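Reading through the structure tokens given below for one structure.
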Amino acid sequence: MDKLKYILLFLPLLFLIFTSAAAQQNMEWPHELTEDWTPVDDSVSTTGYFGQAPSDAIMLFDGSDLSNWEAAPGYFINMEEVPEYLKALQTHHGPAPWKVEDGVMTVVPGSGNIMTKMGFTDFHLHIEWKTPSEIDGDGQGRGNSGVFLQGLYEIQVLDSWQNPTYPNGQAGSLYKQKAPMVNASRPPGEWQSYDIFFEAAYFDDTGKLIKPAYVTVLHNGVLIHHKQKFQGPTTFIGPSHYKPHPRKLPIGLQDHGDYVSFRNIWVREL
Ligand code: MG
């Protein structure tokens, strides 16, 4: 009987040893561990939020060409890869490899991510996007792309019209960090809009975090995040935390293997 008592006492200790070892080795976390399946209200319908850019906006894509964009490095999977990625983010990788046709840019699957040539700190980004009208795949494999604020913090782009997945990975989520307050998605093949108000993280000269990054997001004109804090850069595996980075970094768009299109992309610096 005493033996059993000792074994039971020892179990929590074993668990602690195991979890701290896993924390050190981000790679060994199962990627499902950061999925949050708490349901999100799916009843909001909206016609979208479109229109001309304000006169003082910086036009990033007006439908003519990708001259304000270039090829971007592949995204990091976990926090250990961030330092290498940050170096790659500040290196040139050649022209943006996506297709422009009829005033619309579309992901060329397998060609890689793209990013703006300019860097930004605090800004309002307006971007319109569309997933393919023909449904192909499900969950994360259906119309997946992403808007990477400063190349590090993803607002998920996904066909989330009657397409269940973990809500902190659905359209409008701070991917794997925070689900949107409501699902304001429009059907596949229809244009949708994001208005993203981003406040960059601030680090002191020693690299210490002074202020985390915050974001407010309208999806099709509906508020889905209000001054929501990022835990750190967007990771697929394991938890996130801040790593110091430059004040100005580019805005990235993700090639996740799906034919997602974009139009009317502009930014107003704050
Ligand atoms: Mg994505």
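The values are calculated or read from the model by the stated rules, or taken from the named source; none is laboratory data. All of these numbers come straight from a predicted model, not from anything done at the bench. Ideal geometry is used to build each Cβ from the backbone, glycine not excepted, and the neighbour counts take in all protein chains shown.
Here are the numbers for this structure:
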item: Qualifying residues in segment 86-95 (those that are in contact (Cβ under 8 Å) with a residue 40 or more places away in the chain and not in a loop (DSSP other than H, G, I, E, B)) - the one nearest to residue 66 (Cα to Cα); result: 89
item: The one condition in (1) under 29 Å from residue 189 (Cβ atoms); (2) buried (at least 23 other Cβ atoms within 10 Å of the Cβ) that residue 221 fails to fulfil; result: (2)
item: Leading residue by the ranking (nearest to the chain's Cα centre (by Cα)) among those in segment 72-106 that are over 25 Å from residue 232 (Cβ atoms) and small (Gly, Ala, Ser); result: 96
item: Scope segment 137-191; condition within 11 Å of the ligand (Cβ to nearest atom), of a type in the set (Ser, Thr, Tyr) and not in a loop (DSSP other than H, G, I, E, B); matching residues; result: 145
item: Pair list, Cβ under 7 Å, 6 or more apart: segment 150-179 residue over 24 Å from residue 45 (Cβ atoms) and without any contact (Cβ under 8 Å) to a residue 40 or more places away in the chain, other residue more than 10 Å from the ligand (Cβ to nearest atom) and in a loop (DSSP other than H, G, I, E, B); result: none
item: Enumeration of residues in segment 224-239 that are crowded, with 16+ Cβ neighbours inside 10 Å and more than 13 Å from the chain's Cα centre (by Cα); result: 224, 225, 228, 229, 237, 238, 239
item: Residue selected from segment 161-199 under the condition out of contact with any Asp or Glu (no Cβ under 6 Å at 6 or more places or on another chain) and small (Gly, Ala, Ser), by the criterion surrounded by the fewest Cβ atoms within 10 Å (Cβ to Cβ); result: 189
item: Pairs, first on the phi > 0 side of the Ramachandran plot in segment 254-268, second at pLDDT below 95 and more than 10 Å from the ligand (Cβ to nearest atom), C-beta under 6 Å, six or more apart; result: none
item: Pick from segment 92-137, criterion surrounded by 14 or more Cβ atoms within 10 Å (Cβ to Cβ) and of a type in the set (Asp, Glu), ranking: nearest to residue 251 (Cα to Cα); result: 122
item: Residues (hydroxyl-bearing (Ser, Thr, Tyr) and assigned to a strand (DSSP E or B)) located in segment 192-216; result: 193, 194, 202, 214, 216
item: Residue within segment 237-260 that is out of contact with any Pro (no Cβ under 9 Å at 6 or more places or on another chain), in a loop (DSSP other than H, G, I, E, B) and within 16 Å of the ligand (Cβ to nearest atom) present; result: yes
